1. Just to check your reading of the model, which residue among B:Glu107, B:Glu90, B:Glu34, B:Glu71 is of a type in the set (D, E, K, R), crowded, with 17+ Cβ neighbours inside 10 Å and modelled with pLDDT under 80?
2. Pairs only if they're at least six apart or on different chains, beta carbon under 9 angstrom, first in region B:103-119 and without any contact (Cβ under 8 Å) to a residue 40 or more places away in the chain, second among the basic types (Lys, Arg); list them, first residue then second.
3. For B:Val395, indicate whether it is open to solvent by 10 Å² or more (accessible area, probe 1.4 Å) and in contact with a Phe, Trp or Tyr (Cβ under 9 Å, 6 or more places away or on another chain).
4. Name the residues in region B:169-213 that are without any contact (Cβ under 8 Å) to a residue 40 or more places away in the chain, under 26 Å from A:Thr40 (Cα atoms) and more than 10 Å from chain A (Cβ to nearest Cβ), would you?
5. For region B:398-408, enumerate the residues that are open to solvent by 30 Å² or more (accessible area, probe 1.4 Å) and more than 7 Å from every other protein chain (Cβ to nearest Cβ).
6. Those residues that are of a type in the set (A, V, I, L, M, F, W, C) and in contact with an Asp or Glu (Cβ under 9 Å, 6 or more places away or on another chain), I need them from region B:280-304; list them, please.
7. Within region B:394-401, is there a residue that is touching a residue at least 24 places away in the same chain (Cβ under 8 Å) and over 30 Å from B:Val437 (Cα atoms)?
8. If A:Pro38 passes every condition in (1) more than 7 Å from every other protein chain (Cβ to nearest Cβ); (2) under 27 Å from B:Val452 (Cα atoms) but one, which one does it miss?
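The values are calculated or read from the model by the stated rules, or taken from the named source; none is laboratory data. The shown structure was predicted, so the numbers you read here are calculated from the model rather than taken from an experiment. Please note: Cβ atoms are built from the backbone with ideal geometry, for glycine as well, and neighbour counts cover all protein chains shown. Side chains included, ligands, DNA and RNA excluded: accessible areas come from the protein's heavy atoms. Shrake-Rupley method; radii C 1.70, N 1.55, O 1.52, S 1.80 Å.
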Amino acid sequence: MLWVNWYFFFAERTAATASPDATGRQDVTVIVRGGYDPSTIRVKAGRPLRLVFDRQETSGCSEEIVFPDFNLRKFLPSNQRTIIELTPPTAGTYEFTCGMSMLHGRVIAE
Amino acid sequence: MATTNIVHTEMPRAPSGGRKVVIPVTGMTCAACEARIQRTLSKSPGVVDASVNLMMGNATVSFDPAATSPETLVDTIRATGYGAEVPTQERTAFEEQEARDRAQEDEFLELRRKAIASGVVGVIAMIVSMPLMAAAPHGGQGTVADPFMRWVMTSLTPPLRAVVPWLYAIPTPLLSYGLLVLTLATMAWAGRRFYVRAWMSFRHHSADMNTLIAVGTSAAFIYSLIVTLAPRFFITHGVEPDVYYEAVVIIIALILTGNAFEARAKRQTATALRALARLQPKTARVVRDDRELDVGIDEVRHDDVVVVRPGERLPVDGEIIAGRSAVDESMLTGESIPVEKHVGDRVIGATINGTGSFRYRATTLGADSVLAQIVKLMRDAQGSRAPIQKLADRVSSVFVPVVISIAVATFVVWFVALHASGAVGGAAVVRAFSAAVAVLIIACPCAMGLAVPTAVMVSSGKGAELGILIKGGEALQRAGDLTTVVLDKTGTVTEGRPTVTDVIRSGDDARSREELLSLVASIEHSSEHPLADAIVRYAGEQRVALSTVEGFQSVTGRGATGVVEGHAVAVGNTALMADYVVDVTSLATDAARLSAEGKTPMYVAVDGQLAGLIAVADPIKPTSRAAIAQLRAMGLDVIMLTGDNQRTADAVGREAGVDRVVAGVLPEAKVAEIARLQEQGEVVAMVGDGINDGAAIARSDLGVAIASGTDVAVEAADVALMRGDLGGVVQAIELSRRTMRTMKQNLFWAFVYNVVGIPVAAGVLYPFFGILLSPILASAAMAFSSVSVVSNSLRLRRFRAV
């Protein structure tokens, strides 16, 4: 039981750090397959961020991506890349989830 | 031409049957760069044709999708030292919906196929397991842990023995192995999705519905497998070698069935968007080179002249330049009566022309069109979340691990308790195990995840159908909490267009009403005052001829004077009359009465003598009174805000039936008034046209803008009404309240379902009532709990306009 809780709540998740290119934009590709890989994305605040969601499955669970802070809900077609562009306005953690809030990821702006 | 970086691309079919892609390329400075990229691309494997455009900054490539991909092409370009991007698939809302529909339809068909097949296998498995249970010592009666199966067995065994006695003659190990194969096949084919997805989630340190089903069914399967392979082990420990294969198959079948129903129901939540998509005609008839020709909707250009015949659907937005007709705008505005349209009036694409014909100039196209704006607002609303969702989110994120923990705890508690009560070790294991599986299976996080989004989805669709665009879940929620509605007077409660209401002749004057009106209108024709416009329009409607005016003079704050047909005419207030020493006593009572009614009276003097009185007012919209009465009946305080003087404001307020009138408010002061109400603890909606009350709309808790013309998306507003009358405000609030109620019902049901279901499955009722939940019944409950939530949201589609 302890292990179950440790594994789901505290174990280290995959993380990625995006660094801005010459034009100041940051690019990250997220693989969507039963979850988000990487699920934690570290970026610079105030710079445009381009997330490419590469959905490699047909499972209905991940068919939508939601960024509640940006009022954004988008359909991710199966086996395609979908680009989401946003700019984290200030430093902070911005969660993203699937349409039913079962899969979780976050953008940490610094 | 501006060298915009084109990020938009479609994937049209290339002639070769391959695909075509437009890739934005950066860093090209000269023709040599262009040639170099083109050469490199052309030589890449899988490329049929490549053309690079320096000016446009992109590369158009036809390629064989089997041999290469846009990503590879981008890498190829990057390898040459230039920047390139995988093109964004900028989809329109309609295309996105189509893609989603296709995906959901495929999903539904697959689910249905698998649900039916596994259901058939489940029934076979159940029949085959009958002799197995009967073969157990005591005929299985004593120890079959699953109460549902025990019931099935008792009622099914006698007829089964009579119909297929040979089944009972087959050796039990053979039956066990047969079931093993059948179950394994079902799990691998129909149940595969659960296991694959559970594993995927697990690798991401997360867990979902699939995890629960996978763990539950796998546990039952593995237990049965060990029983089948090593029955002796169980017998020596005093446990009957029962198998649970049929439960595994039936659980998979039931959950697939539930998922299929859910997929179908979820599809229905998007009906409104599909209906809007169908409104857009594919072609338009335009005039080019003096000829009428049909062109694709994408080819219509700004300022094109569009020809519309009776009964046709208007292809684009525009302004009528010739002809007249009544246009049915109900599909966009919810207004059921066709609207009369004349030259100069705006018409909206997707509405239906009545019996007349007309020509109009195309004004807004594509993404700027009213239809596209409505769809965009609706999509945005559906993408937003209601604050109420936060609670569901918090529970969802910890749900599955908690349930797994409860299941483990259930097993331990049962085992220890049964052991202590002296049960045989093996029997304790079986019962504890069954309860733990039931816990895993009955828990349903889906219902919680679907509770709020499906309600937002259905209600924003319903709103769009009624011409009410609510921008998001937060607005919906606030609309449900309102206590006060503030209405702007001009253009919201009233028509916003002054009209002549009274023409009174002076008793001493010989002129007829028409003659008087002609004199006044002639003077006012030269004036630019809004009241003057009302008089001229009125004269036109009354078919009164106008004469030329000499020496026209506008006296600011007083009126206007001039000479018409040799007569000196003055039209204005008491001050103007005093200037010309005109005695107004004979009509002073009338003037006072008209003022008290909220009208603006103007004296008319001809050659120094009082000739009459003409009154102008901004009439109340015919629908305002009823709508305001409804708002008050809904328990809301209705306040009217206006810049007019107290007397006029009171008169209009009385007629409209509002609770309170705040007069003499300058546009800037409207914000302060809203803030003051908010300080008093009121939740305030501000309703206006969004033009001179934008700030007040923004300040209020719920800004409602009555959309005018073709600009649907009033920035500051939370709700845009496509229709001018206040009935839309009533509907918007009512719909929001209903939606909130639905969300709460859904959340309540989802929570209560789990809060009650999980303990029952864990067996808390057993010590008191001897009630234990069968894993099979648990799976049926789980499968239909999410269907019921979606169905409840779908009830909002039946929302009736009040």
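1. B:Glu34
2. B:Glu110/B:Arg193
3. yes
4. Once the filter is applied, which keeps residues that are without any contact (Cβ under 8 Å) to a residue 40 or more places away in the chain, under 26 Å from A:Thr40 (Cα atoms) and more than 10 Å from chain A (Cβ to nearest Cβ), region B:169-213 yields only B:Tyr195.
5. Correct list: B:Val398, B:Val402, B:Ile406.
6. Selection gives B:Ala284, B:Val286, B:Val287, B:Val295.
7. The answer is no, given that none of the residues of region B:394-401 is touching a residue at least 24 places away in the same chain (Cβ under 8 Å) and over 30 Å from B:Val437 (Cα atoms).
8. Among (1) more than 7 Å from every other protein chain (Cβ to nearest Cβ); (2) under 27 Å from B:Val452 (Cα atoms), A:Pro38 violates only (2).
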